[in-house]
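Read the structure below first, then the notes.
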Amino acid sequence: MAETIETRIAAFLNALSDSDAAALYDKVMTSVRTELKPSSSLPDDFEHYSNIEADGPTGADLMDVITCHLVTGGRGITDEKYPRFQLNFNLQKATGEYATPSKVIEGVKPVPWEIKDVLSAEGWESLKSSFLPSKDVEKKPSKVTIKILLHHIAYNDRRRRTGMEPIPAGTGSGTSISHLCDKEKCCNQLHHVRADQHQVNLDRQRCPGMTVLVLDGVIMQVMNCPHFETSETNLVTSPNCTRLTVIELDPTIFSAFNASAYETAHEKYVENKRIRRALPGRLSL
Ligand SMILES: [Zn+2]
Ligand SMILES: [Zn+2]
């Protein structure tokens, strides 16, 4: 297989040390602008929904899980379907070395040099040797642009994942880093997962996500999406698609089936209403 730029980028990211991978993510996140938006439309006031079980997820918990960080721009961020972090190097005729373009915004270092500041010496050398032509190449391009998919940088930060699979070397063979929320511009790293089969990726796009059964603003049950899987040791091997389908239960029908659950839910509902009436403005229950 011919080596593509995507293959080289994947190899570069996978080879970074854990601390360099984390530093790169943190650095990129300081230059990106995002808008927080849930990936499903939800009933009004959903964040105040409580759960019937003491340790069950509340509306606020579920909103947190499904909230996307949608990229709206930022320094070095391209406005593509899948935004990328772009590094530009210009050839300096006098020295034959590459440096960052001379246009400098006051008080702000050019992006590649900011990256140099946060990477280890090894990480920086690896970046240069992965993408810039070596010194002895005669005809060097006058400009080298590296564009790295933002969600690959996010996925590659290993602090929030254990036993992580590396970024796949080539796209098109079915493997990819997929968005659990199906929002292409989402850079919430918890919404990125490796997909090894294209079909799984497509299925996730059509998935309604987690199903939430609700009675009068009280969450009775949360069901995983069909893609959720755990291993024997109870580790999550395939997370939920980060969308919600909220189903409102009919109180008259539900109370006929399960009187005691209805009573508990109703008590919670009354209590929630009382608290919300007593306090002004928005609050978290
Ligand atoms: Zn998302
Ligand atoms: Zn799913």
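What follows is calculated from the coordinates using simple rules that are stated; it is not laboratory data. If you're wondering where the values come from, they're calculated on a predicted model, not measured in any experiment. Every residue, glycine among them, receives a Cβ derived from its backbone with ideal geometry; neighbour counts consider all protein chains shown.
Please go through the stretch 228-249 and give me each residue that is touching an Asp or Glu at 6+ places or on another chain (Cβ under 6 Å) and free of Cβ contacts under 8 Å to residues at least 24 places away in the same chain, ordered by number.
Just the residues of the stretch 228-249 that are touching an Asp or Glu at 6+ places or on another chain (Cβ under 6 Å), to begin with: 237-238.
Answer for the stretch 228-249, where residues must be touching an Asp or Glu at 6+ places or on another chain (Cβ under 6 Å) and free of Cβ contacts under 8 Å to residues at least 24 places away in the same chain: just T237.
Quick one: which of D250, D203 is among the acidic types (D, E) and away from ligand 2 (no atom under 11 Å from the Cβ)? Before you say what the answer is, go through the steps one by one.
Numbers: D203 fails: away from ligand 2 (no atom under 11 Å from the Cβ).
Testing whether each residue is among the acidic types (D, E) and away from ligand 2 (no atom under 11 Å from the Cβ) leaves just D250.
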Search result, residues across the stretch 179-200 that are charged (D, E, K, R) and assigned to a strand (DSSP E or B): R194
N188 passes all but one of (1) touching a Cys at 6+ places or on another chain (Cβ under 8 Å); (2) within 14 Å of ligand 2 (Cβ to nearest atom); (3) among the polar types (S, T, N, Q); which number fails? (2)
